[in-house]
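Derivation of every value follows stated rules applied to the coordinates shown; laboratory data play no part. Predicted, not measured: the structure shown is a model, and the values here were computed from it. Virtual Cβ from ideal backbone geometry, glycine too; neighbours counted across all protein chains shown.
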Amino acid sequence: MIIGTSDEMVERIRVRLELPEFTEIIHIEDITTEKERELAKKQRFGQGKHVVPVPSMKLKSHFSGYFVDPLRIFRGWGPGKGGFTEKSVVRPTYSYLGEFKITDKVISDIVELTAKDMKDVVDVLRVITENKKSGLRITVLVNMSLESKAVESARQLQQQCAQIVESMTAFNIKQINVEIRGLA
């Protein structure tokens, strides 16, 4: 999927990346209203954010490593008007922040700090990261407390790490494995 501001732009991107011809092109006018496009334009030029009318869960699987924040918009009061609609705010890596890279060491540090906050984790022996196109895979080798419910604690560590790493880096977390290497 390529997202661009014009047909010419996405074609240039396609050619530069040496991708095959497009099988489908969806124009923003086909899926949004004029009012939504005006709001997106104001946010783009006023705040440097790209607003895409797609829920962030759909974007995260395609944009591992990009800053993606859900933007919840309340749709008013009254019969049939209540509820939220979700759009996504995307700040591409080429934006005003310049280029950025998140090293495996940063991921390891985040995981280790998360584990240190858990009373049942005695220590983290090693953190192994694999950054694939489909998302980040993390393996955490730990020693657990002898008094802990090891499996339950490992599951909790797994969930905490996924939530914190994803929120801090915006990486799509594909898998987190926790291996208990010992009880102390």
Query raised in the report: Going by how many other Cβ atoms sit within 10 Å of their own, how do GLU130, GLU34 line up, fewest first?
Result: GLU34, GLU130
Query - Greater than 27 Å apart at Cα, pairs in LYS116/LYS174; LYS105/LYS132; LYS35/LYS101; LYS105/LYS174; LYS116/LYS149; LYS41/LYS132 - result: LYS35/LYS101; LYS41/LYS132
Query raised in the report: So how far apart, in nm, are the two label points at GLN156 and ARG137 if each is 7 Å from Cα heading toward Cβ?
Result: 2.8
Query raised in the report: If packing is taken as the mean number of other Cβ atoms within 10 Å per residue, what is the order of 37-46, 17-26, highest first?
Result: 37-46, 17-26
Query - Equivalent ellipsoid semi-axes - Cα gyration tensor, the stretch 104-183, angstrom - result: 21, 11, 11
